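As structure tokens, the structure follows; a few thoughts come after it.
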Amino acid sequence: MEVIRKKGITDEAVLKAIDTVPRHLFMDSSFLEFAYDDKPFPIGAGQTISQPYTVAFQTELLKVKKGEKILEVGTGSGYQTSVLIELGAKVYTVERQKNLYLKAKQLLPVLGYNPVIITYGDGYKGLPVHAPFDKILVTAGAPFIPEGLKKQLKSGGSLVIPVGSDVQEMIRIIRLDEDQFIEEQHGSFRFVPLLENRASD
Ligand code: SAH
């Protein structure tokens, strides 16, 4: 997508993955004509599919390599999940809204994008049973960095997470070894909030 390249995304593999995954299939039919605009759209349950630039930005920061084991917190529509799978990652994804989880679980295999695990639960806690991960991606705005997620990174692995309440700073944390972490800031974004526990529905 040329717009995204112009906005500063340079990783060719990421640009190709964004071009390949059919975003319109993850969106409500009422927004179809806008599916390839660089904007977020509602996906139900008060949530949004992130704008393609944001998906590309987070994916670029993750530096995904083929075969890497990646935890995604906030499956939502499954669009970001598909971009990661398109890049050859083995994706474990968790969503706290049951209806969004059920929809993505049904849609992804139909499109040929098969996560290793897609689950309904609270991603604040990560997925300790399946840890450690090469990379962790949080696609909702977190009020703070959950310690549990840092602990589920492999040494050398990284966590990309937007942190803040109204506006979020994109943070990348790199785990150097057992107890040493580097923290970098990568600019301001706006996400729906990361909420604790499963939604009660
Ligand atoms: N990656 C998604 C973005 C959806 S918006 C996509 O490409 O469409 C963020 C999602 O995070 C929402 O669906 C929201 O319900 C979910 N979410 C918020 N808090 C969560 C939590 N603690 N655990 C898992 N999912 C969460």
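Results, tabulated for the structure shown:
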{"item": "Highest-fluctuation residue, Gln152, Gln185, Gln168 considered, GNM on the chain with Cα pairs under 10 Å", "result": "Gln185"}
{"item": "Where Leu32, Leu137 fall by accessible area, highest first, once all protein chains stay in place (1.4 Å)", "result": "Leu32, Leu137"}
{"item": "Positive minus negative residues near Ile118 (Lys, Arg vs Asp, Glu; Cβ under 14 Å)", "result": "+3"}
{"item": "Solvent exposure of the chain as accessible area per residue, Å², 1.4 Å probe", "result": "47 Å²"}
{"item": "The chain: calculated mean residue ellipticity at 222 nm from DSSP helix runs of at least 4, using -39500 (n - 2.57)", "result": "-7000 deg cm²/dmol"}
{"item": "Max mean-square fluctuation residue, GNM over the chain, Cα-Cα springs under 10 Å, options Val129, Val160, Val91", "result": "Val129"}
{"item": "In Hz, Karplus ³J(HN,Hα) per residue of the stretch 115-121 (6.51, -1.76, 1.60; θ = phi - 60°; x = Gly, Pro)", "result": "x, 5, 9, 10, 9, 9, x"}
{"item": "Prolate/oblate/rounded label for the chain (Cα gyration tensor, a/c 1.5)", "result": "rounded"}
{"item": "Of Thr139, Thr59, Thr48, the one that fluctuates the most in a GNM where the chain has Cα springs shorter than 10 Å", "result": "Thr48"}
{"item": "Apportionment of accessible area to carbon and sulfur, the chain, percent (1.4 Å)", "result": "53 percent"}
{"item": "For the stretch 31-129, convex hull of alpha carbons as volume per residue, Å³", "result": "102 Å³"}
{"item": "Exceeding the 28 Å Cα-Cα cut-off - candidates Lys69/Lys103; Lys7/Lys65; Lys63/Lys125; Lys6/Lys150; Lys69/Lys98; Lys6/Lys105", "result": "Lys6/Lys150; Lys6/Lys105"}
{"item": "Cα centroid of the stretch 122-201 to Cα centroid of the stretch 23-98, whole Å", "result": "16 Å"}
{"item": "Summed residue charge, Cβ within 12 Å of Ile9's Cβ, Lys/Arg positive, Asp/Glu negative", "result": "-2"}
{"item": "Long-range HN-HN contacts of Ala142 with modeled amide H, under 5 Å", "result": "Val163, Gly164, Leu194"}
{"item": "Under-5 Å amide H pairs with Lys69, H placed in peptide plane, nonlocal only", "result": "Lys90, Asp134, Lys135"}
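The values are calculated or read from the model by the stated rules, or taken from the named source; none is laboratory data. What you see is a predicted model, and the numbers here were worked out from it, not measured in a lab. All Cβ positions, glycine included, derive from the backbone under ideal geometry; neighbour counts span all protein chains shown. Heavy atoms of the whole protein, side chains included, go into the accessibility calculation; ligands, DNA and RNA do not. Shrake-Rupley method; radii C 1.70, N 1.55, O 1.52, S 1.80 Å.
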